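Input: a single structure, listed below in structure tokens.
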């Protein structure tokens, strides 16, 4: 029996045109798939890059170096942490931070610099350090956290105590001291007037309110060792002058006094404004001399350039157009706005300005070897300590990168923690 063969459908061979069409479709499909993959990869990369950039932007400021002291760096993170700790200990709230943030931030920056100079200098110059156990004990006593900034603050305070002991250890219990009275006067003429009054029986300190023109160093200074006399010129005289005597006038070109004398000329008036030029001088006697030179034919601009202590000297004394209040001097305004044009004023005394140069008068009431009281000893320790710190700072390389923008960024970060 012959088996019946199963009927099969012959394989269809695509026509050449149809094959070409399928190939084109397949190629397009592959291109679409590849494009989709590339697009998705691109999107993922872009999102990742943006995330990285955001992360980088937010993290970078924290790790940026803000202060460097002899190669020891302090980042923004450290600065903000110290700023936060410093203001918390001081009890400054958000309102104070918001109002005085820039000022306080600069205080903290100075504190960081001073503490690091202290740490480096104490070890280098004296071999003095603070141990971890000493810091731990102080932190426990204070109840403060144990993170780096609090440890640094405590370490700095302990180091200052040790240095105070170091500088106090070589101070003797007694030393030569002088009882000094002193005043700074504006000119030799005034100095000789005061000397005449003292020799006539007047009390030195009673004359101070009338004649002294430097309130930072005046009157009865009491008993002082040479090291604590506030001016080397005064010290040299005080420890050589016989007790009971007053010195001859001692000129000090570096002395700053709170008095000056204007010579004013008004060249133009416009409504409530004037155009003026002026020379600021350190004493009435000097002002009279310069005025006489001008009246004898001297050139105002040249005289101002040579003698004036006001910033306008670089412009020959020309102050330009002024309205009342521009010079921040009532004495100046009271004369200048009531002057006749093109007439030079008499010397105008002004106690709202500062001028350099003056004459010291020193009187030694008594002098001799005396025991140091505790207050004087503490002042000696402070002076020696501060002198050492200043010298250390002068020899150090200190760099700060805290511009106004970075300071306020730090302030905002501290405020966010409150």
Restricting region 380-396 to residues that are crowded, with 16+ Cβ neighbours inside 10 Å and within 17 Å of residue 232 (Cα to Cα), the one farthest from the chain's Cα centre (by Cα) turns out to be 380
Look at residue 120 and say whether it is closer than 19 Å to residue 386 by Cβ, surrounded by fewer than 19 Cβ atoms within 10 Å (Cβ to Cβ) and touching a strand residue (DSSP E or B) at 6+ places or on another chain (Cβ under 9 Å). yes
Per the filter on region 314-339, residues more than 27 Å from the chain's Cα centre (by Cα), in contact (Cβ under 8 Å) with a residue 24 or more places away in the chain and at negative phi are 318, 319, 321, 322, 323, 324, 331, 332, 335, 336, 337, 339
**Asked** Would it be correct to say that residue 408 is in a helix (DSSP H, G or I) and either in contact (Cβ under 8 Å) with a residue 60 or more places away in the chain or out of contact with any strand residue (DSSP E or B) (no Cβ under 7 Å at 6 or more places or on another chain) (or both)?
**Response** yes
When you look at residue 325, is it surrounded by 16 or more Cβ atoms within 10 Å (Cβ to Cβ) and either touching a strand residue (DSSP E or B) at 6+ places or on another chain (Cβ under 7 Å) or outside the structural domain of residue 203 (by TED's automatic domain parsing) (or both), yes or no? no
The condition of being at pLDDT below 95 and crowded, with 19+ Cβ neighbours inside 10 Å holds, among 155, 164, 101, 143, only for 101
Filtering strands (runs of 3 or more DSSP E) wholly in region 235-295 for at least 3 residues that are over 30 Å from residue 364 (Cβ atoms), in contact with a strand residue (DSSP E or B) (Cβ under 8 Å, 6 or more places away or on another chain) and not assigned by TED's automatic domain parsing to the domain that holds residue 212 gives 260-270, 273-281
Task: Some residue of region 154-167 being assigned to a helix (DSSP H, G or I) and out of contact with any helix residue (DSSP H, G or I) (no Cβ under 8 Å at 6 or more places or on another chain) - done: yes
The condition of being farther than 24 Å from residue 68 by Cβ, out of contact with any strand residue (DSSP E or B) (no Cβ under 9 Å at 6 or more places or on another chain) and touching a residue at least 24 places away in the same chain (Cβ under 8 Å) holds, among 172, 205, 131, only for 172
By residue number, the members of region 59-98 that are assigned to a helix (DSSP H, G or I), in contact (Cβ under 8 Å) with a residue 24 or more places away in the chain, in contact with a strand residue (DSSP E or B) (Cβ under 6 Å, 6 or more places away or on another chain) and over 14 Å from residue 417 (Cβ atoms) are 76
- Task: Say whether the condition of being more than 33 Å from the chain's Cα centre (by Cα), modelled with pLDDT of 95 or more and not in a strand (DSSP E or B) is met by at least one residue in region 352-369.
- Result: no
Picking from 235, 178, 191, the residue that is surrounded by 15 or more Cβ atoms within 10 Å (Cβ to Cβ) and under 32 Å from the mean Cα position of the chain (by Cα) would be 235
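The values are calculated or read from the model by the stated rules, or taken from the named source; none is laboratory data. Everything numeric here is computed off the predicted structure, so don't read it as measured data. Heads up, the Cβs are rebuilt from the backbone with ideal geometry, glycines too, and the neighbour counts pull from every protein chain shown.
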